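**Q** Below is a structure I'd like to ask you about.
The values are calculated or read from the model by the stated rules, or taken from the named source; none is laboratory data. Keep in mind that what you see is a predicted model, and the values were worked out from it rather than measured. Here the Cβ positions follow ideal geometry from the backbone for every residue, glycine too, while neighbour counts run over all protein chains shown. Protein only, heavy atoms only, side chains kept; ligands, DNA and RNA dropped before computing areas. Shrake-Rupley method; radii C 1.70, N 1.55, O 1.52, S 1.80 Å.
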Amino acid sequence: MQAYVGKLVAVLAFGLIVACGPKMPNYDYSKEVDPRVSEYVVGVDDSLNINIWKNEQLSTSVVVRPDGTITMPLVGDLVARGKTPTQLRKEIAKRLAEYVKLGASEITVAVTQVNSYRFTVSGEVVRAGMVQSRQYLTVADAIAQAGGFTRFAERNKITLSRRDADGTIRRIPIAYDFIENGSHPEMNIVMLAGDSLHIP
């Protein structure tokens, strides 16, 4: 009888552990982009070096202004924010075509300093606020950069808010235990510039 009671207690305890465990959010994390596998997208405050082959007068080094634009000789103002260096290179070649004969291959656009990669971490972390980095950070990296959770944090009820190209804000649920135990690495998505991570 005592052995039976012991087994019953063990089964009930296991059931309670399972019941209290985190619930897997109903979200397709595979649809989120991974910026590490695509060309860098230029943002505000990034430094660019634009070199026009055999034409030092047109070559320039610029910083992307708060309105997302840069200024070049002959070209004038040009929107840089939200474009890749390849897209910028093609647009510069198009804009310069009426002044000089150039191919896109004769123009180099290099990002010399990344300053636009920043996002916020708020709520129950040690150091809430803006996080800025020169390299891409995942959700787990972002939390570590913010000093980790406080003892009051509801780590399985995290929300990542992300603005789409049309201005719509999506809210992505994150249950941190699945990241920590390695069972769902796809949930440890890469933060994008402008994201907001909230830990209740």
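**Q** Cα-based Rg (one decimal) and Dmax (whole number) for the stretch 161-200, in Å?
**A** According to the Cα coordinates of the stretch 161-200, Rg and Dmax are 11.5, 35 Å.
**Q** Further, regarding this structure: Whenever you get a sec, line up Glu32, Glu154, Glu106 from highest to lowest accessible area (probe 1.4 Å, protein heavy atoms).
**A** Ranked from most to least accessible, the order is Glu154, Glu106, Glu32.
**Q** Within the chain, count lysine pairs with alpha carbon atoms under 29 angstrom apart where the residues are 8 or more positions apart or belong to different chains.
**A** Lysine pairs meeting both conditions in the chain amount to 13.
**Q** Now, a different point. In nm, what is the difference between 0.36 nm times the number of residues separating Asn115 and Arg151 and their Cα-Cα distance?
**A** Roughly 9.7 nm would be gained on extension.
**Q** Taking the inverse of the average 1/r across all pairs of different Cα atoms in the stretch 96-200, what Kirkwood radius in Å do you get?
**A** Mean inverse Cα-Cα distance, inverted, gives 15.6 Å.
**Q** Extension gain Asn51-Lys101, at 0.36 nm per residue separation less the Cα-Cα distance, in nm? Before the final figure, lay out each step's value.
**A** Details: separation 50, 0.36 × 50 = 18.00 nm, distance 1.49 nm.
Computed gain between Asn51 and Lys101 is 16.5 nm.
**Q** Mind checking the full-extension length gain between Tyr27 and Lys94? Use 0.36 nm per residue of separation minus the Cα-Cα distance, one decimal, nm.
**A** Separation in residues times 0.36 nm, less the Cα-Cα distance, equals 19.9 nm.
**Q** Turning to a different aspect of this structure: Over the chain, what percent of the accessible surface lies on carbon and sulfur atoms, probe 1.4 Å? If you can, show how the numbers build up before the last one.
**A** Values: 6490 of 11960 Å².
Whole-percent figure for carbon plus sulfur exposure: 54.
**Q** Where is the GNM fluctuation largest for the chain (alpha-carbon springs, 10 angstrom cutoff): Ile169, Ile143, Ile158?
**A** In this elastic network of the chain, the residue with the biggest mean-square fluctuation among Ile169, Ile143, Ile158 is Ile169.
**Q** I need the phi-derived Karplus couplings for the stretch 88-94: 6.51 cos²θ - 1.76 cosθ + 1.60, θ = phi - 60°, integer Hz, Gly and Pro marked x.
**A** So the Karplus estimates, Gly and Pro as x, are 5, 4, 5, 5, 4, 4, 5 Hz.
**Q** What's the magnitude of the charge dipole for the chain around its Cα centre, counting Lys and Arg as +1 and Asp and Glu as -1 at the beta-carbon? Answer in Debye, nearest 20.
**A** On the way: 23 positive and 21 negative charges, 27 e Å.
Approximately 120 debye in magnitude.
**Q** May I pose another question? Residue-wise, which Karplus ³J(HN,Hα) couplings in Hz belong to the stretch 26-36, taking 6.51 cos²θ - 1.76 cosθ + 1.60, θ = phi - 60°, and x for glycine or proline?
**A** Along the stretch 26-36, the couplings run 8, 8, 8, 6, 5, 7, 6, 6, 10, x, 6 Hz.
**Q** Please work out the FRET efficiency for the pair Ile169 and Thr60, using the Cβ-Cβ distance as r and a Förster radius of 45 Å; give the result to the nearest 0.05.
**A** 0.80
**Q** Which FRET efficiency, nearest 0.05, do Ser38 and Gln135 yield, Cβ-Cβ r, R0 22 Å?
**A** Working: r = 15 Å, r/R0 = 0.68.
Calculated value: 0.90.
**Q** Need one value: the accessible area of Arg95 in square angstrom, 1.4 angstrom probe, rounded to the nearest 10.
**A** 80 Å²
**Q** Helix-only estimate, please: 222 nm mean residue ellipticity of the chain, summing -39500 (n - 2.57) across DSSP H runs of length 4 or more and dividing by its residues, to the nearest 500.
**A** Result for the chain: -6500 deg cm²/dmol, rounded to the nearest 500.
**Q** Now a separate question. Just the number, please: percent antiparallel of the DSSP beta bridges in the chain, rounded to the nearest 5.
**A** Within the chain, antiparallel bridges account for around 90 percent of the total.
**Q** Which residues' amide hydrogens lie under 5 Å from the amide hydrogen of Met191, considering only partners 5 or more residues apart or on another chain, with H built in the peptide plane?
**A** Leu137, Thr138, Val139
**Q** Moving on. Return one whole number: the accessible area per residue of the stretch 44-200 in Å², for a 1.4 Å probe.
**A** Per residue, the stretch 44-200 has 54 Å² of solvent-accessible surface.
**Q** In a Gaussian network model over the chain where Cα atoms closer than 10 Å are linked, find which of Gly167, Gly182, Gly68 has the largest mean-square fluctuation.
**A** Gly167
**Q** Further question on the same structure: Work out the P(r) tail for the chain: percent of alpha carbon pairs separated by more than 26 Å, whole number.
**A** Values: 9962 of 19900 pairs.
Considering the chain, 50 percent of its Cα-Cα pairs are separated by more than 26 Å.
**Q** Would you look at the GNM of the chain, springs on alpha carbons closer than 10 Å, and say which of Lys54, Lys90, Lys23 moves the most?
**A** Residue with maximal mean-square fluctuation among Lys54, Lys90, Lys23: Lys54.
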